[in-house]
Amino acid sequence: MKMNRTTVLSALVAAIVTCLPMDRPAAQSPPTPDQVVAALKQNLAESQKRLRQYEWIETTVISLKGEEKSRKQQRVYYGADGKLIKLPVGEPQPQAASGGGGRRGGRAKERVVENKKSEMQEYMEKAAALIHQYVPPNPERIQKAKDAGNVQVKPQPDGKARVELRNFVQPSDLLAIDVDAKASNLTALSVQTYLEKQEDAVTLAVGFSTLADGTSYTARTTLEAKAKNISVVVENSGHRPLAK
């Protein structure tokens with residue numbers, strides 16, 4: 001599930017914080033959509049540089065009906081061409097042997113299991129492709145949402161703010177960005193959307209953390225496909241400077 005999640009990070013922090021001065025009086029109106037969009041578009045290109053100085057471990061866990069089905073770890077870093085490189089860590093876990101029931105019964109069970117795996121994989125690929133249209137947010141889509149009057153900035157308690165972009169990719173969806181203006185940090189990003197039908201809901205929740213040097217990064221991403229009882233959790237940890 002290649003979403004290039006880290007590229008959204010610094011852009012949104014710098015962009016929205018630019019529009020949210022730390023000492024802004026409570027009575028002052030929130031930044032306008034024009035200000036937010038201009039800041040986002042200006043900082044989006046610059047934002048991709050910061051985490052390129054690091055490498056880290058990405059752990060991906062896929063669960064079905066609350067039961068873990070797969071877990072893998074990858075070493076992640078940016079290549080010279082600016083694209084993410086992911087290398088497997090450790091050896092894949094051996095698959096459990098098929099149960100009894102005779103040779104024919106065993107083969108039938110194997111086919112059922114393989115079919116279910118294939119269906120789940122296909123579904124998650126579709127869900128990941130859809131979410132990739134939201135993260136990182138496309139500047140053209142941001143502009144389009146603003147022009148359509150679908151961008152709203154909502155001040156929150158304790159110096160926080162939420163930027164909501166509705167109908168961002170498809171009708172009735174929602175991309176929400178939470179910012180801590182005092183700490184100059186992006187705290188969360190969430191997506192509410194769907195595949196084909198609105199009842200086939202897909203959600204994405206992204207939590208962020210900060211390295212010792214102040215660099216923010218995507219700490220945990222959770223994708224939920226409730227119609228299929230599938231969840232994918234991706235955690236990034238162990239950041240260290242990339243060897244030159």
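Could you check how many residues of the stretch 193-243 are over 22 Å from Ser70 (Cβ atoms) and among the aliphatic types (A, V, I, L, M)? Matching residues across the stretch 193-243 total 5. Pick from the stretch 54-82 the residues that are of a type in the set (Val, Ile, Thr) and open to solvent by 30 Å² or more (accessible area, probe 1.4 Å): which of them is nearest to Lys226 (Cα to Cα)? The selected residue is Ile62.
Against the numbered list (1) open to solvent by less than 70 Å² (accessible area, probe 1.4 Å); (2) in contact with a Leu (Cβ under 9 Å, 6 or more places away or on another chain); (3) modelled with pLDDT of 80 or more, Ser47 comes up short only at (3).
Conditions tested, residue by residue: (1) part of a strand (DSSP E or B); (2) open to solvent by 50 Å² or more (accessible area, probe 1.4 Å); (3) on the phi > 0 side of the Ramachandran plot; (4) not hydroxyl-bearing (Ser, Thr, Tyr).
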residue	(1), (2), (3), (4)
Glu122	no, yes, no, yes
Gln133	no, yes, no, yes
Pro136	no, no, no, yes
Arg141	no, yes, no, yes
Ala145	no, no, no, yes
Gly149	no, yes, yes, yes
Lys154	yes, yes, no, yes
Asp158	no, yes, yes, yes
Arg162	yes, yes, no, yes
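On the basis of being on the phi > 0 side of the Ramachandran plot, free of Cβ contacts under 8 Å to residues at least 24 places away in the same chain and of a type outside the set (S, T, N, Q), does Glu196 make the cut? The answer is yes for Glu196. For the stretch 83-113, taking the residues that are part of a loop (DSSP other than H, G, I, E, B) and surrounded by 13 or more Cβ atoms within 10 Å (Cβ to Cβ), the one that is modelled with the lowest pLDDT is identified as Ser98. Looking at (1) surrounded by 15 or more Cβ atoms within 10 Å (Cβ to Cβ); (2) under 28 Å from Tyr54 (Cα atoms); (3) of a type outside the set (A, V, I, L, M, F, W, C), can you tell me which one Asp213 breaks? Just one mismatch for Asp213, condition (1). The single condition from (1) among the small types (Gly, Ala, Ser); (2) modelled with pLDDT of 85 or more; (3) assigned to a loop (DSSP other than H, G, I, E, B) that Gly207 fails is (3). For the stretch 171-189, a residue qualifies if it is modelled with pLDDT of 90 or more and open to solvent by 40 Å² or more (accessible area, probe 1.4 Å), and the qualifying residues are Pro171, Ser172. Read through the list (1) more than 17 Å from the chain's Cα centre (by Cα); (2) more than 25 Å from Glu125 (Cβ to Cβ), then give the number of the only condition that Asp200 fails. Every listed condition holds for Asp200 apart from (2).
The values are calculated or read from the model by the stated rules, or taken from the named source; none is laboratory data. As the structure is a computational prediction, the values presented were derived from the model and not from experiment. Note that we place each Cβ from the backbone using ideal geometry, even for glycine, and neighbour counts take in every protein chain shown. We work out accessible area using only protein heavy atoms, side chains counted, and drop any ligands, DNA or RNA first. Shrake-Rupley method; radii C 1.70, N 1.55, O 1.52, S 1.80 Å.
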